[in-house]
1. How do 107-117, 73-83 rank on mean C-beta neighbours within 10 Å, highest first?
2. Test of understanding: given the chain, find the longest segment containing no GluC sites (Glu not before Pro) that are in a DSSP loop and have at most 11 other Cβ atoms within 10 Å.
3. What are the trypsin sites (Lys or Arg not before Pro) within segment 168-200 that DSSP puts in a loop, where the Cβ has at most 16 other Cβ atoms within 10 Å?
4. Quick one: with all protein chains in place, what share of the accessible area of segment 94-230 is carbon or sulfur, to the nearest percent (1.4 Å probe)?
5. Counting only Cα atoms, I'd like the Rg/Rh figure for segment 177-249, Kirkwood definition for Rh.
6. So what is Rg over Rh here for segment 97-155, counting just Cα atoms and using Kirkwood for Rh?
7. Can you compute the radius of gyration and Dmax for the chain, using only the Cα atoms, both in Å?
8. Using only the Cα atoms, what convex hull volume per residue in Å³ does segment 85-211 have?
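The values are calculated or read from the model by the stated rules, or taken from the named source; none is laboratory data. Predicted, not measured: the structure shown is a model, and the values here were computed from it. We place every Cβ from the backbone using ideal geometry, glycine too, and count neighbours over all the protein chains shown. Ligands, DNA and RNA are stripped out before the accessible areas are found, and what is left, the full protein with its side chains, is counted by its heavy atoms. Shrake-Rupley method; radii C 1.70, N 1.55, O 1.52, S 1.80 Å.
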Amino acid sequence: VNPPLYDDAELYDLVHADYRDDLSFYRRLAADHGGPILELGAGSGRLTELLAVDGYQLTAVEPSAAMRRAGEARLAKGGLSGRVTWIDGDMRTLDLGARFPLIVAPFNTLMHLDTLDDQDAALERVEAHLEAGGLFACDVYAPRFTAGTSVHHATLRLEAGEAAQLTSYTEHDPLRQRTTVHHQLDLLASDGTLRRRSATLQQRSYHRFELERLLRSAGLGALRSFGDFQRGPIHEGSRVWVMLAGRRR
Ligand SMILES: C[S@@+](CC[C@H](N)C(=O)[O-])C[C@H]1O[C@@H](n2cnc3c(N)ncnc32)[C@H](O)[C@@H]1O
């Protein structure tokens, strides 16, 4: 059995080193809405760092100690530690006693809410931390509607003299709305040693109107749903769903 991906922040960063699709979208939102920003599931600080570079104060909630440590180290390296307060917290039970003009749950954070109770609890917490006139933004992978396994290969760019091949096997279970990704990274070091690192990630997928209903039920309104990070409409080929919501009450 592979260890969970979030126990190995270095592997997480290698696997997602080329993923930048969402960055300008969230930076633009911050420019439009201002900070301070509450980030749910901040991970190893992939987006946190850029928002800190842009000058915002952030509260970064992240339950995985390994991911949080990597995030803290990333921000420290950039001399940006003063801009980010890291919280060892859970979006289902968060109670900061503060409200924010912008709350973000980027790159599938909501896909870690497995049950209806988890989902209601987390979105209720979002509403409780959102300022009047504030905005909540999230994105999740669009679900696959057929069962099966897909395989993705990538060659990763590393330091000179090193090479890495990533293979990711994703099992799709559309009935349970669950995907399980097994990442396998083969890393050839400059001394000729070949090492394999593996990790598994489980995600709960959403159907579009299910997610919209969830946001509405938590008291959020003025929903806008997009099929990409350029704010285009949802279509059959959309790989992500991006949603924005404000407070209704
Ligand atoms: C796919 S990662 C995204 C990380 C980061 N936002 C990024 O864009 O790279 C999802 C993150 O959500 C975190 N997470 C899982 N369950 C959570 C919960 N209940 N509350 C807050 N964060 C959670 C995971 O530990 C993980 O770091």
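1. On the way: 107-117: 17.8, 73-83: 15.2.
So the order, starting with the most tightly packed, is 107-117, 73-83.
2. On the way: sites that count: GLU159, GLU236.
In the chain, the maximal stretch lacking such sites is 1-158.
3. Numbers: sites: ARG176, ARG178, ARG195, ARG196, ARG197; in loops: ARG176.
Filter output for segment 168-200: ARG176.
4. Values: 3370 of 6700 Å².
The C+S portion of the solvent-accessible surface of segment 94-230 is 50 percent.
5. Values: Rg = 19.0 Å, Rh = 15.4 Å.
Looking at segment 177-249, the ratio lands at 1.23.
6. Numbers: Rg = 15.5 Å, Rh = 13.8 Å.
For segment 97-155, the value is 1.12.
7. 18.2, 61
8. Numbers: hull volume 19.2 nm³, N = 127.
Dividing the Cα hull volume of segment 85-211 by its residue count gives 151 Å³.
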